[in-house]
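Structure first, commentary second.
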Amino acid sequence: MPPSSQLVIVANRLPVDRVELPDGSPGWRRSPGGLVSALDPVMRRNDGVWIGWPGGTEQDLEPFEDDGLKLVPVSLSADEVEEFYEGLSNATLWPIYHDVIAKPEFHREWWDSYVTVNRRFAEKAVQVAEEGATVWVHDYQLQLVPAMLREMRPDLRIGFYLHIPFPPAELFAQLPWRRQILEGLLGADLVGFQMAGGAQNFVRLVRQRVGHKTHRDLVYLPDGRTVRAAAFPISIDTEGYEALAREESVLDRAEEIRSAVGSPRKVFLGVDRLDYTKGIHARLRAFAELIQDGEIDVDDAVFVQVATPSRERVEQYRILREEIERLVGHVNGDLGRIGRPAIHYLHSSYPREEMAALYRAADIMVVTPYRDGMNLVAKEYVACRYDDDGALVLSEFAGAADELRQAWLVNPYDINGVKAALLDAYHASEKDAARRMKAMRKTVRKHDVSAWATRFLDGLSDVSPHEKSPRPA
Ligand code: G6P
């Protein structure tokens, strides 16, 4: 029997990863992602259920509990991983929604698989959701789920949140299945985006392509229902990060990291999923040119780049990895000295403690995506700098730039501009850096992830004011 609940979260991934326990048997470990920390308190208060894919191709997994959270796994076959996840989600939608930085591929079999898998998620949610429940669907992998739910269960209150950018109409229009996606999303009562621009793109597309009446952030459907589209910029567990960054073991580790990289005067840091949207190449090139130009000396500064393995079977990601690794090899070969590489490159993922130690160890955090829904790394860095020191160089094209206005903002396509900002941050006075960091810390403390979840759920109960069931607590 699957569990039932008044609050159901539906996301492509479960908030746990499959791991091998010490005795060799399979177990689960909480994944480091921000979404679970955001939703953990709401889930607990409402005895919520989380539906998602555990990764891999294991079939017929039963619902289970992990640390008090009720989890319902959705299985994918090997073909579905290839067509729904790697294909339509990550080689069609991901590039279209990120400014076509990579060329999207269109394959009709991938679309069929996307429909099949979305239906499987919707059916699971229908089994689990009690009468009048709130179902909150997440991200671009599941855009058809809201309408599927609406059709099967008109009693539900349905929210959808897109974690990545929603593209301009001109790019979205390339999608052969553009109308189905818009109609899929319109199954929700509230469609949330990172930025106001995304919500506006969506409303405009609905008017143009589906022909519904719209006014400001509202869409009026022929059946009398109203759908609201609005911005809810996501954030992090600010307090949690700050507390972690103050732990003795984290501070010791930060010291250890600095001395392991040769105790330079300044440590630059980049932390990203290894993704072509992140602008890793641009920032490493800019740093290397500053050394070449004689502006920075390898005895004084080092760049630590953490690149977390991601979507490794998708061709564009393989190509990117080769490009970055070739560049790092060239830079270190040409500019490094014995015991003094210019760039420390780590292709690995680390737990939160290690991330916090890296943030503490870094004088200059460099976040230069070509396009990014929000970028939580930028906010995590700020949360960890409780002495108001450190500098953030941030792309204008990350959602975070809207809030973190005091960062050194850059256009990642403008390499000279990135170089100038890196150098400025490198030479910044303590006073200037502190003024900027203080202002940014105020922002991330006020707008943390629990404020985000509350705003979304409040917004959802306003658009869909059920009489029977109260909004989740
Ligand atoms: C982005 C997406 C998430 C996704 C994550 C990791 O943040 O918005 O939906 O889960 O990347 O990517 P992966 O493909 O490993 O789930």
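Nothing in this text is a laboratory measurement; each read-out follows from the coordinates by a stated rule. The shown structure was predicted, so the numbers you read here are calculated from the model rather than taken from an experiment. Counting neighbours? That spans all protein chains shown, and the Cβs are built from the backbone with ideal geometry, glycine included.
A simple charge model with +1 on the Cβ of Lys and Arg, -1 on the Cβ of Asp and Glu and nothing else charged puts the dipole of the chain at about 1480 debye relative to its Cα centre.
Backbone geometry of the stretch 220-226 corresponds, through the Karplus equation with coefficients 6.51, -1.76 and 1.60 at θ = phi - 60°, to 3J(HN,Hα) couplings of 9, 8, x, 7, x, 6, 10 Hz, x marking Gly and Pro.
What the phi angles of the stretch 55-71 give under the Karplus curve with 6.51, -1.76 and 1.60, with θ = phi - 60°, is a coupling list of x, x, 10, 4, 9, 6, 6, 8, x, 8, 10, 10, 6, x, 9, 8, 10 Hz, glycine and proline written as x. Pick out, from 202, 21, 447, the residue whose Cα sits farthest towards the positive end of the charge dipole of the chain, with +1 on the Cβ of Lys and Arg and -1 on the Cβ of Asp and Glu. Of the candidates, 202 comes out farthest on the positive side. About the centre of its Cα atoms, the stretch 141-261 shows a dipole size close to 1080 debye [charges on the beta carbon of Lys, Arg (+1) and Asp, Glu (-1) only; nearest 20 debye]. Counted over the chain, the DSSP beta bridges are approximately 25% antiparallel. In this structure, the amide hydrogen of residue 66, modeled 1.01 Å from its nitrogen in the peptide plane, lies closer than 5 angstrom to those of 71, counting only residues at least 5 positions away or on a different chain. With Rh defined as the Kirkwood radius, the inverse of the mean 1/r over Cα pairs, the Rg/Rh of the stretch 238-446 is 0.93.
Positive-end ranking of 215, 406, 393 along the dipole of the chain, with charges on Cβ about the Cα centre, is headed by 215.
The distance separating the Cα centre of the stretch 409-471 from that of the stretch 296-373 comes to 23 Å. Number of Lys-Lys pairs in the chain with C-alpha atoms under 24 Å apart and a separation of 8 or more places or on different chains: 19. Between residue 305 and 270, 344, 345, 346, the built amide H atoms are under 5 Å apart, and every one of these is 5 or more places off in sequence or on another chain. Ranking 426, 308, 249 by how far each Cα lies toward the positive end of the dipole of the chain (charges on Cβ) leaves 426 at the top. In this structure, the amide hydrogen of residue 237, modeled 1.01 Å from its nitrogen in the peptide plane, lies closer than 5 angstrom to those of 449, counting only residues at least 5 positions away or on a different chain.
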